[in-house]
Amino acid sequence: MSFTEAIRTVLNKYADFSGRARRSEYWYWTLAVIVAIVVCLILTAIAHTLGLVLYLLVLLGTLVPGLAVGVRRLHDTGRSGWWILIALVPLVGSIILLVFVCQDSQPGQNQYGPSPKAANA
């Protein structure tokens, strides 16, 4: 999955918490959000009010699709989407969630649907 295809997929499934998401979809989305936040922070240093407003818009605009792609990524590894809440546990939770989203897809079909790897192959 290419960068633009991944971003398009996440935005098309804006609030879709069902199904599965490949690692590339998840990590390309994360990269795009980080780049957008860095651009907003640079704008904040240049034009404080404009940058701050854009920063808040980016955060609010990417919250739901970020949660949705995170849940779909957990589904791809065979875990419930509720595991995303483990990130609320200080330090350890974020490390555990990082390990989960870095793992390879569960092969074949699982309870959350068919493998997106098999669909693209």
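Read the figures in this text as sums done on the coordinates, not as results from a lab. Keep in mind the model is a prediction, meaning the values are calculated, not measured. Note: ideal-geometry Cβ built from the backbone for every residue, glycine included; neighbour counts use all protein chains shown.
For the chain, the longest principal axis of the Cα atoms and the long axis of helix 23-46 meet at an angle of about 10 degrees. Here is the P(r) of the chain: all C-alpha pair distances, binned every 10 Å from 0, give 14, 39, 32, 12, 3, 0 in whole percents. The long axis of helix 48-76 is offset from the longest Cα principal axis of the chain by roughly 0 degrees. Annotation: peptides 31-38, 6-13, ranked by per-residue average of other Cβ atoms within 10 Å with the highest first, follow the order 6-13, 31-38. Measure nothing but the geometry: give the 0 to 90° angle between the long axis through the Cα atoms of 3-12 and the longest principal axis through the Cα atoms of the chain, rounded to 10°. Compared with the principal axis, the helix lies near 90 degrees.
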